[in-house]
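The values are calculated or read from the model by the stated rules, or taken from the named source; none is laboratory data. None of the values given here were measured: they were computed from a predicted structure. Backbone-built Cβ (ideal geometry, glycine too); neighbour counts: all protein chains shown.
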Amino acid sequence: MRLPERQLAVLEAASATDERTIDEIADDAGLKPETATGAAFDLRDGGLLAVTETTGTVAEPTGEGRDYVTDGLPETRLYRAAVDAGADGKPIAMGDVIGGAALEGPEVDIALANFPRKEFGTIDGGEVAVDPDAEPDADPEAAALDALVDGDTSEEVDDGTDGDVDDAVLDRLASRGLVDLAERTTRTVRLTDAGVDALMEGVEAAETVDRLTPELLASGEWRDVEFAEYNVEADAPAVGGGRKHVLRRTADRVKDVLVGMGFQEMEGPHADGDFWINDCLFMPQDHPARTHWDRFALDVPPIDGIPATLIRRVESAHRDGWGEHGDGYHSPWSETFAREVALRGHTTSLSMRYLSGYAGAELDPPQRYFSVEKVYRNDTLDPTHLLEFFQIEGWVMAEDLSVRDLMGTFKQFYRQFGITDIRFKPHYNPYTEPSFELFGKHPETGEEIEIGNSGIFREEVTGPLGVDCDVMAWGLALERLAMLITGAADIRDLHGTLADIEFLRNAEVSH
């Protein structure tokens, strides 16, 4: 019998009496595990090997878990510091104990949550008292972490019969983020009777090649070599190759759609003058959203180069209004404040630069412009808000535009992503009238989430810029569009420390 060299090496490394893992076989045969796996399946198909697959759960300590093996769990350190401070006799002020425990940042909350759970003592009214009979050295969670780190860095949990680490303890450690639990398939092999007979009768190594190369073609040797057979059904290791992030793919898709609808792309600075970010938008300078609580102001020199005529016209709109029936805000307006620099809270600052002619755009109507750029807001983090996100900015300049045109544009845009159930809700903006928000239904949760804001620019915005026709505009959230088309329930699933790499790798974007 003749076999390819890798199959012969695996056959000779296998045993007729003991189950051997693929990793053991690969080490003995001098092969890569994936090569040994493929050869084992080929031998199984030939009846020479029996392959057994066992799926189990593997626990591996996280970086935080390893740190606690060295430093001790926060609740254990709190207990020992409290004992040293005399809390086994009477309650001690919490502040006197935290420092002695060397707890920092989130470790304090972790210690306070787990200290009473493990019955190390009580915490009441800002004081801590310990149970002198508690045995932190016998803590099963600490013992489990020690076992995982001191062992082979992972523990097979499969059916819970290993006896080393209790399943409930592992689940608790996993909920605390101290271990990662993952399924793993272990393959073992054993020689069949036919495999034993083949080895006894003698097996020769056949020189085979696994690919047709230019050298084989040029020399003509391809006529005489023996090509290896491929088993296309054999398991192979998953290869997570690099690919574009789901948000970048969504952004590219958005750009393709808008260019196909006749739009041109805008670009501009992330840090810009308040003049372009808010003043041109007829946002009063005493508006709550323009305080230091809601904007990221930068300690840099003020912006210059803004045309003086434009500054005067925008100031006039704020103070006295614009047009025959304009009234303005009659509130303080400062050119110094207008020139201050901040991170843009919306990409409408780009629209102001382009509509004013400052960015060199063509302004003879009709015109269509868009951008897909990052913006920065001091929002509270939640499933639909981040401190920085991408905004799909767009505007259309033309004569006699109406809300009907704006709604039709959105329907055409979102239809390209398979979204046809857009809902519109009237809204107020200082810079558009009429205005409305857009809502879309999440495919998994069924909830309606806000996906954008839009309207037709007021005369107080377009007049000072020198625009004498209608301009409809919008700001749409790229991340929320991605949530609708990928099924992500939380915006933090798309990027950041909570993102699931497998979800990002497999999420589909194009409709």
Selected residue (criterion: nearest to the chain's Cα centre (by Cα)) from residues of segment 73-82 that are farther than 14 Å from Thr122 by Cβ and either among the small types (Gly, Ala, Ser) or in a helix (DSSP H, G or I) (or both)
Pro74
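Please determine, by comparing only the residues of segment 4-49 that are of a type in the set (A, V, I, L, M, F, W, C) and out of contact with any helix residue (DSSP H, G or I) (no Cβ under 7 Å at 6 or more places or on another chain), which one is nearest to Asp197 (Cα to Cα).
Of all residues in segment 4-49, those of a type in the set (A, V, I, L, M, F, W, C) come to 8-11, 13-14, 16, 22, 25-26, 29, 31, 36, 39-41, 43, 48-49.
Now drop any that are not out of contact with any helix residue (DSSP H, G or I) (no Cβ under 7 Å at 6 or more places or on another chain), which leaves 8, 41.
On the way: Leu8: 14, Phe41: 19 Å.
The qualifying residue nearest to Asp197 (Cα to Cα) is Leu8.
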Of all residues in segment 314-338, count the ones that are charged (D, E, K, R), surrounded by fewer than 18 Cβ atoms within 10 Å (Cβ to Cβ) and modelled with pLDDT of 90 or more.
2
Is it true that Val461 is crowded, with 21+ Cβ neighbours inside 10 Å and either over 31 Å from the mean Cα position of the chain (by Cα) or of a type in the set (Asp, Glu) (or both)?
yes
For Gly262, state whether it is in contact with a strand residue (DSSP E or B) (Cβ under 6 Å, 6 or more places away or on another chain), part of a loop (DSSP other than H, G, I, E, B), among the small types (Gly, Ala, Ser) and loosely packed, with under 15 Cβ neighbours inside 10 Å.
yes
Here's a check for you: in segment 99-128, which residue that is buried (at least 16 other Cβ atoms within 10 Å of the Cβ), in contact with a strand residue (DSSP E or B) (Cβ under 9 Å, 6 or more places away or on another chain) and of a type outside the set (Phe, Trp, Tyr) is nearest to Leu73 (Cα to Cα)?
Leu112
Could you please let me know if Ala236 is at pLDDT below 85, surrounded by 14 or more Cβ atoms within 10 Å (Cβ to Cβ) and of a type in the set (A, V, I, L, M)?
no
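Got a number for residues in segment 317-347 being assigned to a helix (DSSP H, G or I) and more than 15 Å from Leu281 (Cβ to Cβ)?
Final tally of qualifying residues: 5.
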So which of Thr62, Thr70 ends up being over 28 Å from Val232 (Cα atoms), surrounded by fewer than 20 Cβ atoms within 10 Å (Cβ to Cβ), without any contact (Cβ under 8 Å) to a residue 24 or more places away in the chain and β-branched (Val, Ile, Thr)?
Thr70
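Here is a yes/no grid of residues against (1) modelled with pLDDT under 90; (2) in a helix (DSSP H, G or I):
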site	(1), (2)
Leu3	yes, no
Gln7	yes, yes
Ile25	no, yes
Thr35	yes, yes
Ala39	yes, yes
Asp42	yes, yes
Gly47	no, no
Val51	no, no
Test each condition in (1) among the β-branched types (Val, Ile, Thr); (2) part of a helix (DSSP H, G or I); (3) surrounded by 11 or more Cβ atoms within 10 Å (Cβ to Cβ) for Ile306 and report the one that comes out false.
(2)
Name the residues in segment 194-218 that are touching a residue at least 12 places away in the same chain (Cβ under 8 Å), surrounded by 11 or more Cβ atoms within 10 Å (Cβ to Cβ) and outside any loop (DSSP other than H, G, I, E, B), would you?
Ala194, Gly195, Val196, Ala198, Leu199, Ala205, Ala206, Thr208, Val209
Checking Ala206 against (1) among the aliphatic types (A, V, I, L, M); (2) more than 30 Å from Gly475 (Cβ to Cβ); (3) assigned by TED's automatic domain parsing to the domain that holds Gln391, which test does it fail?
(3)
Of all residues making up segment 436-452, the number that are surrounded by fewer than 21 Cβ atoms within 10 Å (Cβ to Cβ) and modelled with pLDDT of 90 or more:
2
Look at segment 420-453 and say how many of its residues are within 27 Å of the chain's Cα centre (by Cα) and of a type in the set (S, T, N, Q).
3
